[in-house]
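The values are calculated or read from the model by the stated rules, or taken from the named source; none is laboratory data. Given the structure is predicted, the values throughout are model-derived calculations rather than measurements. So basically every Cβ, Gly included, is an ideal-geometry build from the backbone, and we count neighbours across all protein chains shown. Surface areas here come from the heavy atoms of the whole protein model, side chains and all, with no ligands, DNA or RNA. Shrake-Rupley method; radii C 1.70, N 1.55, O 1.52, S 1.80 Å.
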Amino acid sequence: MRRDLAALYRLVAHFRMTDLIDTHISARVPGPENHFLINRYGVLFHEMRPQDLVKIDTDGRPVDPGDPETTNRVNAAGFTIHSAIHMARHDLACVIHTHTADGMAISCRKSGLLPITQHALRFYNRLGYHAYEGIALDLEERDRLVADLGPHKAMVLRNHGLLAAGATVAEAFVNLYYLERACQAQVKATMGGEELVYPSPEVCERTARQYERPTAPAYCQRVWNAALRLI
């Protein structure tokens, strides 16, 4: 899990979805303890190594020995967001949060992500929205984060950024990649002011269901294996 998560950090850097030392990716550690791994605060994503990941419990306490100001320091806002999802959604092994320019742009639009591209239709009626409450330092926000995510695996954090998750690291990566690309396409499509073309609701739902077919996990793993060769 450490190797996969470190690789995911580097892939997010490769696709230019980082925000210096901020934003974060976490992964559940196999086992009954509800521990999860998150980045040591201050390490850039492109240089992330397995040993740079800090194992913490659901109270944010590092599990392994280390200096809380150096080797075991984690982002407090990252803990709030990720612990909320990991505590409530045991079906999700990996959670990614980003502050990309296009993701933030869509998070500011009242209409959110529009069903105008094939990539966006992956999330048709399958995308949560969470109202901005300030920097995520208040642990009471966790219940609202979980409620707004609902049964979905992706969410727009209003005025903030994007969140994507998955049952595996591979699925989380795929969900983030296509959510980001959908946001990029929407920003470009709406720049000219021309009227947009929308597929019918029936086609939108049919396309979303196609992404949920039984072969989806194998597809995610195939994408992941190919992406690893980039790094």
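At-a-glance table
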read-out: Residue-level accessible surface for Arg181, protein heavy atoms, 1.4 Å, Å²; value: 110 Å²
read-out: Backbone HN-Hα couplings from phi across the range 97-110 [Karplus 6.51/-1.76/1.60, Hz, Gly and Pro as x]; value: 10, 10, 10, 6, 4, 6, x, 5, 4, 5, 5, 8, 7, 4
read-out: Estimated [θ] at 222 nm from DSSP helical runs (n ≥ 4, -39500 (n - 2.57)) normalised by residues in the chain, nearest 500; value: -12000 deg cm²/dmol
read-out: Hz values of 3J(HN,Hα) by residue in the range 204-212 - Karplus curve (6.51, -1.76, 1.60), Gly and Pro given as x; value: 4, 5, 4, 5, 4, 5, 4, 5, 9
read-out: GluC sites (Glu not before Pro) restricted to DSSP loop in the range 104-178 with at most 16 other C-beta within 10 Å; value: Glu133, Glu140
read-out: Of Ala154, Met191, Val169, farthest towards positive along the dipole that unit charges on Lys, Arg, Asp, Glu beta carbons give the range 136-231; value: Val169
read-out: Neighbourhood net charge (14 Å Cβ-Cβ; Lys/Arg +1, Asp/Glu -1) for Arg181; value: +1
read-out: Residue-by-residue Karplus 3J(HN,Hα) for the range 37-49, coefficients 6.51, -1.76, 1.60, Hz, glycine and proline x; value: 9, 8, 5, 5, 5, x, 8, 5, 4, 6, 10, 5, 10
read-out: Long-range amide H partners of Gly161 with built H, under 5 Å; value: none
read-out: Charge sum, other residues only, whose C-beta stays under 15 Å from Ile135's C-beta, Lys/Arg counted +1 and Asp/Glu -1; value: -3
read-out: Relative contact order (%) - the chain, alpha-carbon pairs under 8 angstrom, separation at least six; value: 20 percent
read-out: The range 1-159 - Rg (one decimal) and Dmax (whole number), Cα, Å; value: 15.5, 49
read-out: Total formal charge among the other residues, if their Cβ is under 11 angstrom from that of His97, Lys/Arg +1 and Asp/Glu -1; value: -2
read-out: Other-chain or far-sequence residues with amide H under 5 Å of Asn75's (modelled H); value: Tyr41
read-out: Listed peptides 145-152, 9-16 by packing density, highest first (mean Cβ within 10 Å); value: 9-16, 145-152
